[in-house]
1. If you go through the stretch B:99-114, how many residues are of a type in the set (G, A, S), farther than 16 Å from B:N60 by Cα and in contact with a strand residue (DSSP E or B) (Cβ under 9 Å, 6 or more places away or on another chain)?
2. I'm trying to understand the selection: among the residues of the stretch A:65-89, which are in contact with a Ser or Thr (Cβ under 7 Å, 6 or more places away or on another chain) and facing chain B (nearest Cβ under 9 Å)?
3. State the number of residues belonging to the stretch A:192-217 that are buried (at least 18 other Cβ atoms within 10 Å of the Cβ), in a loop (DSSP other than H, G, I, E, B) and either β-branched (V, I, T) or in the same structural domain as A:L85 (by TED's automatic domain parsing) (or both).
4. Conditions: (1) hydrophobic (A, V, I, L, M, F, W, C); (2) within 12 Å of chain B (Cβ to nearest Cβ); (3) in a helix (DSSP H, G or I). A:A167 meets all but one. Number of the miss?
5. Would the stretch A:224-246 turn up any residue that is at pLDDT 90 or above, within 11 Å of chain B (Cβ to nearest Cβ) and either crowded, with 19+ Cβ neighbours inside 10 Å or part of a loop (DSSP other than H, G, I, E, B) (or both)?
6. Report, by residue number, each residue of the stretch A:215-234 that is within 18 Å of A:A182 (Cβ to Cβ) and in contact with a Lys or Arg (Cβ under 9 Å, 6 or more places away or on another chain).
7. For A:L210, which of the numbered conditions (1) without any contact (Cβ under 8 Å) to a residue 40 or more places away in the chain; (2) closer than 26 Å to A:P122 by Cα; (3) among the aliphatic types (A, V, I, L, M) fails to hold?
8. Applying the selection to the stretch A:66-85, what residues are touching a helix residue (DSSP H, G or I) at 6+ places or on another chain (Cβ under 7 Å) and hydrophobic (A, V, I, L, M, F, W, C)?
Amino acid sequence: MRNLSSIPLIAILCIFSSVLFIRGDYLEQARDRLAHGEHESAVTFFEKHIQSTRPSSYAYYQLGQALQKSEKEAEAALAYRRSLLLDPRFAPAAEALREANARLGVSPSVSGWQARWAEKVPSDPTMLLGAVVFWFGAFLLFPALAFSKRSTILVFLACMLLVVGLASCILATCTDPRILEARQAMVMSLSGKTLYKVPSEDAFEKITTLNQGSTVRILSTRGRWLYVELTGGQRGWLLQEDITSVIPSA
Amino acid sequence: MYRLCIFFVPAFAFFFFGISLFAQDATAGLSSPATVVGRPVQIVVTVRDARSAEVPQSVNLPGLRIELLGRSTRFEMNNFQVTSSLTYTYSIFPQQAGEFDIPAFEVRVGDKTLKTNPLRLSVGDASTVQPPQGLPSTPSSQTPPSASQAPGSNVRPYFGELVLSKKKAYVGEVIPAEFRYYFNSSIGGEVGDRPNLVGEGFTVQKLANVPKREQIVNGENYIVFAFQTAITPAKSGPLEIPPAKLEARLQLPGSAPAGFDDFFQQFGGIAPPGMFTNMQEVSIETAPTSLEISPLPKPGRPDDFSGAIGKFKMEASVSPKKAGPGDPVTMRVVISGQGNFEAMGAPVLVGDDEWRSYPPSEKFQSSDSINYSGEKAYEFLLVARSDQQQTPGVKFSYLDPDTGNYEILTQSPLPVQARAGQSPAQTTEAVSDQKKTGAPAPSPVLNSAQAGKSGGASSWTSILVHPAFLIANASLGVIWILVLLVLLIRRQAASPSGLRRKKIQRLKAALTSLESCPEKEFTSRAVACLLTALDTESNPLAAGSLVARLALDDQTRAHLSNLLSLNEELKYSFGGAKVPDRDTRAKILSALKKIPA
């Protein structure tokens, strides 16, 4: 009976170790193929690795490298952009994205203060630190209320911590690229996409043509049509075919 | 005969009195919206539903001589609705070139004063006729087809024409065109939204409506519905613009019903013209027009020819004037004029080796309805490879269709202070150098130091919406609230009001227990109650003086003093104090209850 009860435990351990092995195997295989110039195959293994594990900036960067070598510029730009979404401080990905955009003929977007802040300060640790400081300040209020002596100093200190913690959390939220670019999408069509004034393929209502690799912000959806905003603020309609969301859908 | 009389008496009554039932109004129209110095045009002022009116004999306007030529009266009868209108024709003799706003004419009809609509007339120099919007303004060579030209009758109720700004053009050149549909002002009806034009070898811009106007053609007043567009030839050789059809439902003169002619013949005449009309669906067509399209000339064509055909000007600006290391500057180049804006390419940067440039964004702002005139702005993002004091130059080439020559517009470099930064170009150059030297390409796999820097997030969602983060914060929030509640309760209990409430509760409990306590314990318990009520448990001797100061009646005070006496007796007598009888206990109890809390 003792032997029978240990079987499920052994099975779980086997499955767990095999999952870990497969994950590591995909990455190793991808790197190996890339080093040997088998770019298409490397792309496949990088994609498998990304699907089987938590997203990582580095993995997307490597995928972008493999796609670029496979002459898939738009897909590479998308991978670099995803890499930067996960880690805006990852300079090699930023450089590679600029290069890919230049090759695609897409103007680099002028970065706002949020992007510049995110390039310097990671948002998740800022959020965590802000939350810790906030709660420390909140709990510091209790001794300030309980003790009449020196309560003013304590209340002041607690309030300062509360404000600093809250400000950190708000700042982290405002500068998190995953929140800021949650509705960003990229034009993947080789021939670009036509932006219209109205949701109709009327040549007279054409505003402009967006190059492959251009990014737009999706404002709303109507059937097959997306109402989008360009980087310059111009708005219009385009068909959702060959438009890929920068943040991959679950 | 009797029946006919019954029918026609009201009809004639309506004929004679119905004239006054329609609203009076006055309108004015130009025979042509544009002319040249020395070439007269006409203004027709129409006053509806009036038999006589007073109009100005002449209008003084600097640069224009406007004089009344004559008047005519028109009666119209459509299905028993009779309208009359007076038409006054003025001659305008332009004396100088310019844009003229002709003010509204004041027309007095009886005791009423009506005003016509104001008009605008473009007068060009006689030597250089420049029609507005690139369109001819019905010059003598392109006068609308006269009524006599129309087959079948001398006065046509309607006809159409296509007015093109030129008959010879280049492939890709934008040719402004206007489809005009003339309707005799005596007929009514409905006109379709826009004409239908289908053909091969050219593209047509979206048709733009022009406000309808009145125009005199061969002495007849016509309402003109016009649609502006631009035609772009797609191939060289002869090009046929097919007829453009406009659908309309018109009230056209019709024949009288059977029996009516006999009736009028009894009175020695025939039915008045226009008395009977029929609603008819008609399709008005413009005449087919031929164009001669030439290919773009090869001699003198610049290598970087933008494809622009027309007449253009170029302006450029740069912002910001100072850029930090690696920061981009924006060079804005505006091409303005008339031509094929939608098909033209961007200007070319010259001497941009030390700049990193990207394909420009473009924005077209049209100043007319057919996208023929306007300005197109190109914005180049430039990043300096090395420190720079001036921008690259700009070159733009186009074909002037009037001369057939290619023209090149140049913009010299603009002053700017841009500093070079750590641009990716340096990386690219390094890679290309490596390629040139045959060195192995760097592995895309980063070294451990670089990889370590790329920690980053491991989720597509912010930690803000992560369940663990939310649960932890919610738990801390609940704990914080609970601690706060405990603290507040304790603080409230220690406050004067809390203590007072506590005392009252204790007193109530003591009084309740006093009512049922053993007789021997009554005195001591009652005194304890009294001391509690007086807040002097620690100093029982002060109880007497406190009782004396209480705001109570004498009898109650006496009972309480009696209680204190009994207590002293109980304390200090050897034989023990006597137990108070029931009546005394009741009085003491009543007195204790009266002590204010």
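1. Final tally of qualifying residues: 0.
2. A:S83, A:L86, A:D87
3. Count: 0.
4. (2)
5. Yes, the stretch A:224-246 contains at least one residue that is at pLDDT 90 or above, within 11 Å of chain B (Cβ to nearest Cβ) and either crowded, with 19+ Cβ neighbours inside 10 Å or part of a loop (DSSP other than H, G, I, E, B) (or both).
6. Answer for the stretch A:215-234, where residues must be within 18 Å of A:A182 (Cβ to Cβ) and in contact with a Lys or Arg (Cβ under 9 Å, 6 or more places away or on another chain): A:T215, A:V216, A:R217, A:I218, A:L219, A:Y227, A:V228, A:E229, A:L230, A:T231.
7. Condition not satisfied by A:L210: (2).
8. If the condition is that a residue be touching a helix residue (DSSP H, G or I) at 6+ places or on another chain (Cβ under 7 Å) and hydrophobic (A, V, I, L, M, F, W, C), then A:A66, A:L67, A:A74, A:A76, A:A77, A:A79, A:L84, A:L85 are the ones that fit.
The values are calculated or read from the model by the stated rules, or taken from the named source; none is laboratory data. Quantities reported herein were computed from a predicted structural model and do not represent experimental measurements. Quick reminder, even Gly has a Cβ in these numbers, built from the backbone with ideal geometry, and neighbours come from all protein chains shown.
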